[in-house]
1. So, of the residues in region 25-46 that are among the charged types (D, E, K, R) and modelled with pLDDT under 80, which turns out to be surrounded by the fewest Cβ atoms within 10 Å (Cβ to Cβ)?
2. It is to be established whether one or more residues within region 47-54 are loosely packed, with under 10 Cβ neighbours inside 10 Å and either at pLDDT below 80 or in contact with a helix residue (DSSP H, G or I) (Cβ under 6 Å, 6 or more places away or on another chain) (or both).
Amino acid sequence: MEDFVRFLNQKYLEQIVTPQLVEAPAKNDEYNIGQLVAFMYRYAKGYIKKALEESTILT
């Protein structure tokens, strides 16, 4: 019985340690690129505001 439990644990732990890589469809790639562009826009907008806070340029 102990051998069977050891066998099951080994099979279960092997699946946890080496997860299978699942490739996402191309549609998700387009969505991810769009999301990253939106994040970059938000970051740049905030960064520019912070950089110009103490400048003499009026915005």
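1. Filtering region 25-46 for residues among the charged types (D, E, K, R) gives 27, 29-30, 42, 45.
Filter once more, keeping what is modelled with pLDDT under 80: 27, 29-30.
Details: LYS27: 8, ASP29: 10, GLU30: 10.
Once the filter is applied, the top-ranked residue is LYS27.
2. Yes, because at least one residue in region 47-54 is loosely packed, with under 10 Cβ neighbours inside 10 Å and either at pLDDT below 80 or in contact with a helix residue (DSSP H, G or I) (Cβ under 6 Å, 6 or more places away or on another chain) (or both).
The values are calculated or read from the model by the stated rules, or taken from the named source; none is laboratory data. What you are looking at is a predicted structure, and each value in this text was computed from that prediction instead of being measured. Reconstructed Cβ throughout: ideal geometry from the backbone, glycine too, with neighbour counts over all protein chains shown.
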